[in-house]
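Before any comments, here is the structure.
Read the figures in this text as sums done on the coordinates, not as results from a lab. Worth saying up front: this structure is predicted, and the values here are computed from it rather than measured. Cβ placement follows ideal geometry from the backbone for every residue including glycine, while neighbour counts extend to all protein chains displayed.
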Amino acid sequence: MDSIRIIADDRERRSNTLSVLEQRTDILLTVERLTVGDYFINSWLLIERKQVCDLVDSLISGRLFNQANRLANSGFKTAILIEGNARDIANYKIHRHSILGALVTLTIVFGISILRAADSRESVALMVFAAQQQAKQCKLDLPRFGRRSKTAKARKIYILQGLPSVGPVLAKRLLAHFGSVKGVLSADVDALRGVEGVGKEIATKIVAVIS
C-alpha cells in the first residue's frame with residue numbers, strides 16, 4: 001500500500017506516542033501545529049488522543065464536549081483515542097456512569113468514533129490499521145454515507161461526497177461556499193482552499209479528479 005502520511009500536532013512532542021511514530025519507517029511523519037485534533041492521518045482521519053486521566057479531567061472541566069464539537073465540525077472522519085486503563089483513574093472521584101454517559105454522547109450525539117489502546121504502541125498500531133482500512137475502502141469503492149437523497153440539496157451533498165476526502169460536513173461547506181455542484185467542480189485549488197477544512201492536499205486531489 002502507499003505510504004501512510006500522518007501530521008502530528010507539535011504539542012504531542014511530550015508524548016510517547018509521537019516517539020513511537022518517529023521510529024516507524026513506513027510512516028511519512030510531519031510535526032506541525034494542528035488547529036483541531038492531535039493526529040491527522042492521510043488527510044482523512046482526525047484523531048484526538050487522550051490518556052484516560054486526561055479524558056476524565058476534560059470531562060470534569062467541561063472541555064471535553066467543546067473539543068468534541070470542534071472535531072465533529074472539522075469536515076473529516078474523526079475519532080477520540082483513549083490511551084490507558086481504569087487503574088489510571090482509580091483515585092478520581094467520578095462515577096463510572098458519568099464516563100459511560102460521556103462516551104455515549106461522543107459517539108451517538110457527535111458521531112465521533114471511540115478507539116481504545118493500552119499504551120503508545122497500541123495507539124500507533126490503531127492509526128496504521130485505520131489507514132490500511134481506508135486504503136481498502138478506496139480500492140473497493142464502497143458507497144458513500146447515507147441513502148440516496150430525494151431533495152435537490154441533499155442530492156447535491158451526496159454527489160459531492162464522491163470527491164476525495166469529502167464527507168457530509170465538508171460537502172455541505174463546499175455547497176454553501178460555491179452555491180452549486182458545478183461551482184465546486186469548476187473551482188481551482190486556490191478557490192477550494194478558501195473553504196474551511198480544505199487544505200492544499202485535499203484541494204489538489206479534488207482538482208485532479210475533475211480535471
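Here are some notes:
- FRET efficiency for the Arg155 to Asn91 pair, using the beta carbon distance and R₀ = 45 Å, is estimated at 0.25.
- Summed over qualifying helices (DSSP H, 4 residues or more, each -39500 (n - 2.57)) and divided by its residue number, the chain shows a 222 nm mean residue ellipticity of -13500 deg cm²/dmol.
- Spacing of the two label points (7 Å from each Cα toward its C-beta) at Leu103 and Val209, in nm: 3.4 nm
- Amide H contacts for Lys77 (H built 1.01 Å from N in the peptide plane; partners 5 or more residues away or on another chain; cut-off under 5 Å): Leu46.
- Calculated percent of Cα pairs over 24 Å apart (choose from (i) 36; (ii) 47; (iii) 42), label: (ii)
- Most mobile of Thr30, Thr151, Thr17 in a GNM of the chain (Cα contacts under 10 Å): Thr151
- DSSP beta bridges confined to the stretch 4-139 are antiparallel in about 25 percent of cases.
- Listed cross-link partners Lys136/Lys156; Lys50/Lys136; Lys50/Lys182; Lys93/Lys172; Lys77/Lys153 are compared with a 32 Å cut-off, the Cα-Cα value being larger for Lys50/Lys182; Lys93/Lys172.
- The amide H of Arg49, built 1.01 Å from its N in the peptide plane, has Asp38, Tyr39, Leu81 as neighbours under 5 Å, considering only residues 5 or more places off or on other chains.
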